[in-house]
Amino acid sequence: MPTRRPLIAGNWKMNGRLKDLAWVETFAEAVSADNCDVLVCPPAILLHAFAGAFQGQGISLGAQDCSPEPDGAYTGDISARMLKDIGCTHVIVGHSERRDGHGETDALVRRKAEAALNEGLTPILCVGEHLQEREDGRAVGAVLAQLAASLPDADATRLVIAYEPVWAIGTGRSAGPDEAQEMHAAIRAAWPGADGAQLRILYGGSVKPDNVEALMACADIDGALVGGASLDPASFARLVNLSS
Ligand code: PGA
């Protein structure tokens, strides 16, 4: 069974300023884990500045979204090719704040993931059920359907899945380790290729230093996608240290 190296990814969402370059120094001083991959996804306008600051600190650079198109007349959009050009290795696609807030469909998310793969970026493909689906006992079915419809054709090593229950994002209410493990195991079992054991599946939704250890102890949880708790560098470093 291949070992899956943990990945802790910070998603800053629409937060941060140029002055926050100091984040990197504080994080680097506090982090001590070396058997865990660390990725940070600042807003697009800060990617270039942070690309330099992350270099040599063991922090990979990721974006929060990309266009499905490689270039062209798409005002306001940013392509995977541009992200690659300035040093990104990863891009989040299909976050629920884009699916729900910007009407992104599974088909569009799949095209974005394909665009990322075409440029050699690793897509972090997000899926997750709404509260009503969980309360109705339909969470696993809803997530597997969403995944099947938004998943591009790719080897398990070329992308990352993030399971983020919508009701847990930014609410302080995380899924319990058992709930999360059940979903992660279902996602892995449903993987269409023979290499599902190599697939990294992150949990996201109110991950903090005080719940990350219990989540990371689960057999099929390979890391975390962290929103609010990634903004504070000391807290994010603690979270990384506890995850490895
Ligand atoms: P949160 O966000 O950690 O603030 O809940 C997670 C996410 O949306 O990726």
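Go through region 203-232 residue by residue and tally those that are more than 10 Å from the ligand (Cβ to nearest atom) and either of a type in the set (A, V, I, L, M) or farther than 23 Å from L21 by Cα (or both).
Residues meeting the conditions: 14.
State whether the residues of region 30-43 include one that is in contact (Cβ under 8 Å) with a residue 60 or more places away in the chain and assigned to a helix (DSSP H, G or I).
Scanning region 30-43 turns up at least one residue that is in contact (Cβ under 8 Å) with a residue 60 or more places away in the chain and assigned to a helix (DSSP H, G or I).
Which numbered condition in (1) over 25 Å from R200 (Cα atoms); (2) more than 16 Å from the ligand (Cβ to nearest atom); (3) free of Cβ contacts under 8 Å to residues at least 60 places away in the same chain; (4) out of contact with any Gly (no Cβ under 8 Å at 6 or more places or on another chain) is the only one that M14 fails?
The number of the failed condition is (2).
So for region 170-178 (the condition being closer than 20 Å to C218 by Cα, crowded, with 22+ Cβ neighbours inside 10 Å and in contact (Cβ under 8 Å) with a residue 24 or more places away in the chain), does at least one residue qualify?
Among the residues of region 170-178, at least one is closer than 20 Å to C218 by Cα, crowded, with 22+ Cβ neighbours inside 10 Å and in contact (Cβ under 8 Å) with a residue 24 or more places away in the chain, which makes the answer yes.
For every residue, the table says whether it meets (1) of a type in the set (F, W, Y); (2) within 19 Å of D37 (Cβ to Cβ); (3) at pLDDT 95 or above.
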residue: R173; (1), (2), (3): no, no, no
residue: A180; (1), (2), (3): no, no, yes
residue: H184; (1), (2), (3): no, yes, yes
residue: D195; (1), (2), (3): no, yes, yes
residue: N211; (1), (2), (3): no, no, yes
residue: A214; (1), (2), (3): no, no, yes
residue: V226; (1), (2), (3): no, yes, yes
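The values are calculated or read from the model by the stated rules, or taken from the named source; none is laboratory data. Quantities reported herein were computed from a predicted structural model and do not represent experimental measurements. Glycine also receives a Cβ, built like all others from the backbone with ideal geometry; neighbour counts cover every protein chain displayed.
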